[in-house]
Amino acid sequence: MIQNQLMDRLNQIQDEYKILLLKIEDSLTRNPDYVENILDSVLIFWKKHETLVDIFLNYQLKRYSAYLYTAADYLDIDGLEHYPFLAQGKIHIMDDPLAKMCDTTLRLSSHEKINTQAMIEHVSFLISDNIKLLELEERPIWLLPVRGNNRTEESSEINSLAEQLFLNLFMDIESIEAYKKTCCTIVDIKNHLRPESIDGILLFNEDVQEDTFEARMEGLISHSTKVPFLRYFCEVKDYNSVFLLSIIGYLIQAIDIFLLSEEYKVIPYIRSKSAFYYYSWLCYQHLENEISADKILFKHAIYCHLIYLAFDRSIVEKISLKQYLDIISTLDINIDLMEMMDLKDIKKVVDNNLATLYSKINEEAN
C-alpha cells in the first residue's frame, strides 16, 4: 500500500510539474525578462519535493532495474529519441535537464557572463520538450531532477576532484590560478598540456582528435558560441576560460554520473559522445587501478550507448508508442553481459536484440 501511495504521489507531482511548465511557458512568451523567475520557480518546485524523489531513488528502485537518461540537454521527443531509451528495462527516468540548467545558472557567481538571449531560447526549448515528455501516452518515463536532488554537500568535493583531474592534464601547472595566469592563449594551453593529454581529451562531440590542436580549439570555440554559459567568453576571446569550463564541465558531469549510478545502482543511458567518453574514461581509470567500480553498470552503460547509436528510428514510425511498449513488454531481450567486457561482444548482443525488436515491429505494423 505504501508503495502504491508513493507511485500515486509521484504521478501527481508529474501532473503538477506539467501545469507549472505550461504556466511558465506562457509567461516566458509574453515576457522574456521573466526567465530568472522561471529558474527560481523550477528550483523551488523540486526543492519542495526532493524528499519524495530521494525516497523513490533509494527505496523504490531495485538494483540494475532502472535506466537513467542523463548528460543530455533534452530528450527530443519529436525526433523519437525516447524509443531507443525504452528498448531495455522496466523503469525509465529522465534526469530533468531544465532543473539542472536552473541549478547551474543560479550557482554561477556572475550572471552578467551568461548570454541572456541564448539562455531564454534554451530555457524555452527545454520547457517545450519537457511538456512533450509529460504528455506521452502511457507516461513511460519519469521526469525527475536526479543529479541535482539533495546532492549539495557532494558538489564541492566533486568540483575539487574535477579541478585536480583537469590539472593532471598539464606538465607543470598545479593550480587553477596558475593555469589562468600561464595559459593565456591557445598556444600556451597546447605547450603546457602533456602530449598524451592532447591526444586523449575530447573537446566537444564533433571533435576530431587527429586534427591539430589549434583546429580543434577553433571547433570548440565555434561550438561554445551556442552554449549560454560559454558564449560570453567566446565574444571577449577568453579562450582560456572556454577550454577550462568545457573540460571541467565534462569531468564534473562524469564524476557526478559515476557516483550517482554507483549509489542508486541505476544504469546511465548516455547519448552524448563527449559525456560518454569522459564517463568511460573514469570507469576505466577505476577498473585499471582496482578501485571499487561496478562492472555491471559500466557494461550496461556501454550497451545503452551502442543501442542509441545503432537504433533505426524510422522503423518505429510504423507503430504507435503504445504498440511499441506492448512489444517491449513481451520480448525476451537478452541483456546478460556478466561475462562480457569486450566491446565487440556487447555490440553483437545489441545487434541481435535490435534485429529481434525490428522483426516484432514489422509484424505488428503489417
### Task
Would you point out which residue out of 250, 278 is within 30 Å of residue 295 (Cα to Cα), without any contact (Cβ under 8 Å) to a residue 60 or more places away in the chain and part of a helix (DSSP H, G or I)?
250
### Query
Name the residues in the stretch 232-247 that are free of Cβ contacts under 8 Å to residues at least 40 places away in the same chain and crowded, with 21+ Cβ neighbours inside 10 Å, would you?
242
### Message
Given the criterion modelled with pLDDT under 90, open to solvent by less than 60 Å² (accessible area, probe 1.4 Å) and either out of contact with any Gly (no Cβ under 8 Å at 6 or more places or on another chain) or assigned to a helix (DSSP H, G or I) (or both), identify the matching residue among 27, 41.
### Response
27
### Message
Checking residue 56 against (1) closer than 25 Å to residue 119 by Cα; (2) in a helix (DSSP H, G or I); (3) in contact (Cβ under 8 Å) with a residue 60 or more places away in the chain: exactly one of these is not met. Which one?
### Response
(1)
### Query
When you go through 17, 74 one by one, which is the residue that is closer than 30 Å to residue 360 by Cβ and out of contact with any Ser or Thr (no Cβ under 8 Å at 6 or more places or on another chain)?
74
### Query
Taking the stretch 1-14 on its own, how many of its residues are surrounded by fewer than 11 Cβ atoms within 10 Å (Cβ to Cβ) and touching a residue at least 24 places away in the same chain (Cβ under 8 Å)?
1
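The values are calculated or read from the model by the stated rules, or taken from the named source; none is laboratory data. Note that this is a predicted model, so its numbers are computed, not measured. We place every Cβ from the backbone using ideal geometry, glycine too, and count neighbours over all the protein chains shown. Just the protein is used for accessible areas: all its heavy atoms, side chains included, with ligands, DNA and RNA removed. Shrake-Rupley method; radii C 1.70, N 1.55, O 1.52, S 1.80 Å.
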